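The values are calculated or read from the model by the stated rules, or taken from the named source; none is laboratory data. Keep in mind that this is a model prediction, so the values were computed, not measured. Reconstructed Cβ throughout: ideal geometry from the backbone, glycine too, with neighbour counts over all protein chains shown.
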Amino acid sequence: MSISRETSTQRIHIELGERSYPIYIGPDLLNSRSMWDTHLSSRQVLIVTNTTVAPLYMDALTETLAPRRVASVILPDGEQYKTLETFSQIIDSLVENRLNRDAAIIALGGGVIGDMAGFAAACYQRGIDYVQVPTTLLAQVDSSVGGKTAVNHPKAKNMVGAFYQPKLVLADTATLSTLPDREYRAGLAEVVKYGFIYDVRFLDWLERNVEALNARDESALIHAIRRSCEIKAEVVSIDERENGLRAILNLGHTFGHAIETAEGYGAWLHGEAVAAGTVMALDLSARLNWIGPADLDRGVDLIKRMHLPVVPPKIGSQRALSLMGMDKKVVGGHVRLILLRMLGKADVVSDYPMPALEATLQHFFD
């Protein structure tokens, strides 16, 4: 992993052999013609974006990509549209524009767009190049990095997908200025995750700088995005396909996915559900005496200071357990959970005592 600090642009390298790629973090990268010319060899591209992002950035990106042949598909905005039906619109556009294996897809948007565009790239003609241009904080620190691509099934989140790495990630921090407050806060849930699971010093930094992050201070944001991507790069480089260590990146997600599915995709933003799910993971870790009451209070307080929910909807503990049983982390009938052995150290656990899990589910969901 290498980081360049010669300019305000930060560079992180994802080391995956022939599938390695760089992540660039900084302002105004979307409009950097030299960046595109250096990293994108394809002369034909399909921009995949949505109805919210397209009016803001698509014209500028199309101009920057000249003289390449640029086609586009504009999808509806929202988690509820992360479906096979919407995915098929991307494939239809690729076919209608007669794009071949030398073409590339550019995912311009948040995590929903990135996941669907990446999955389309993995499937079309058995795989074409794609570039992630994440325009939400959540996508910049998490979903655009690591090659997870998917669409939702009505009964379970991200159930249909593939591991497929992008050629490049351009995290243009200037795009965060147009992000609604609720979407921005949802991204902070994925930032704080990295402190809980991997780096207690980063957790300390977040506590000291939470007000700057809430105010979208540029220097604080760039540091938070860079450190989040550094941690994810380290984990993904060790475990690309989530056979072990990478699963720790899903802290709070099994609980959170149950919330999203039960409430209907889009009612709770992904980051909001992950925030409440993280509180539940901390609670269960405390019930197992792996973290103390002070650690639990510390974690919940930080999430509250980020103006994120710490109490999930009352979906019912039995229904939640049933939904968790559909999670991709279920192995051999056991729901694997990401729990904290201590602040800054997470573990993938399947042999927890069931009464402890039931107590957490009943406390929060009933």
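List of remarks:
- Selection within the stretch 241-259: residues that are over 15 Å from the mean Cα position of the chain (by Cα) and not β-branched (Val, Ile, Thr). The member of this set that is farthest from residue 197 (Cα to Cα) is 258.
- Boolean, residue 120 is part of a helix (DSSP H, G or I), touching a residue at least 24 places away in the same chain (Cβ under 8 Å) and either of a type outside the set (D, E, K, R) or not assigned by TED's automatic domain parsing to the domain that holds residue 27 (or both): yes
- Filtered residue count, the stretch 63-86, keeping only those that are within 18 Å of residue 43 (Cα to Cα), of a type outside the set (Lys, Arg) and surrounded by fewer than 16 Cβ atoms within 10 Å (Cβ to Cβ): 3
- Qualifying residues in the stretch 211-230 (those that are buried (at least 22 other Cβ atoms within 10 Å of the Cβ) and among the hydrophobic types (A, V, I, L, M, F, W, C)) - the one farthest from residue 181 (Cα to Cα): 229
- So residue 169, is it buried (at least 24 other Cβ atoms within 10 Å of the Cβ), in contact with a strand residue (DSSP E or B) (Cβ under 8 Å, 6 or more places away or on another chain), farther than 30 Å from residue 301 by Cβ and among the hydrophobic types (A, V, I, L, M, F, W, C): yes
- Flag if residue 332 is in contact with a Ser or Thr (Cβ under 9 Å, 6 or more places away or on another chain), over 26 Å from residue 188 (Cα atoms) and modelled with pLDDT under 95: yes
For (1) within 30 Å of residue 266 (Cβ to Cβ); (2) out of contact with any Gly (no Cβ under 8 Å at 6 or more places or on another chain); (3) among the charged types (D, E, K, R), each residue gets a yes or a no:
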| position | (1), (2), (3) |
| --- | --- |
| 12 | no, yes, no |
| 18 | no, yes, yes |
| 22 | no, yes, no |
| 26 | no, yes, no |
| 30 | yes, yes, no |
| 53 | yes, no, no |
| 57 | yes, yes, no |
| 62 | yes, yes, no |
| 70 | yes, yes, no |
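- At least 3 residues being under 19 Å from the mean Cα position of the chain (by Cα) and of a type in the set (A, V, I, L, M, F, W, C) is the threshold, and among the strands (runs of 3 or more DSSP E) wholly inside the stretch 1-110 those reaching it are 104-109.
- Taken as a whole, the condition of being crowded, with 18+ Cβ neighbours inside 10 Å and modelled with pLDDT of 95 or more applies to residue 302.
- One residue from 132, 89, 125 being surrounded by fewer than 24 Cβ atoms within 10 Å (Cβ to Cβ) and either more than 29 Å from residue 184 (Cβ to Cβ) or touching a residue at least 24 places away in the same chain (Cβ under 8 Å) (or both): 125
- The stretch 135-146, subset closer than 19 Å to residue 237 by Cα and modelled with pLDDT of 95 or more, residue surrounded by the fewest Cβ atoms within 10 Å (Cβ to Cβ): 139
- Some residue of the stretch 262-275 being modelled with pLDDT under 95 and part of a strand (DSSP E or B): yes
- Qualifying residue in the stretch 254-262 (condition: assigned by TED's automatic domain parsing to the domain that holds residue 190, closer than 26 Å to residue 21 by Cα, crowded, with 17+ Cβ neighbours inside 10 Å and not small (Gly, Ala, Ser)): no
- The C-beta contact set for the stretch 55-78 (first residue in the same structural domain as residue 98 (by TED's automatic domain parsing), second residue small (Gly, Ala, Ser), distance under 7 angstrom, 6+ apart or interchain) comprises 58/72; 71/93; 73/93; 74/54; 78/266.
- Selected residue (only one of 287, 305 is more than 23 Å from residue 184 (Cβ to Cβ), in contact (Cβ under 8 Å) with a residue 60 or more places away in the chain, not assigned by TED's automatic domain parsing to the domain that holds residue 82 and not hydrophobic (A, V, I, L, M, F, W, C)): 287
- The set of residues in the stretch 144-156 that are under 13 Å from the mean Cα position of the chain (by Cα) and either under 24 Å from residue 263 (Cα atoms) or of a type in the set (Asp, Glu) (or both) comprises 148, 149, 150.
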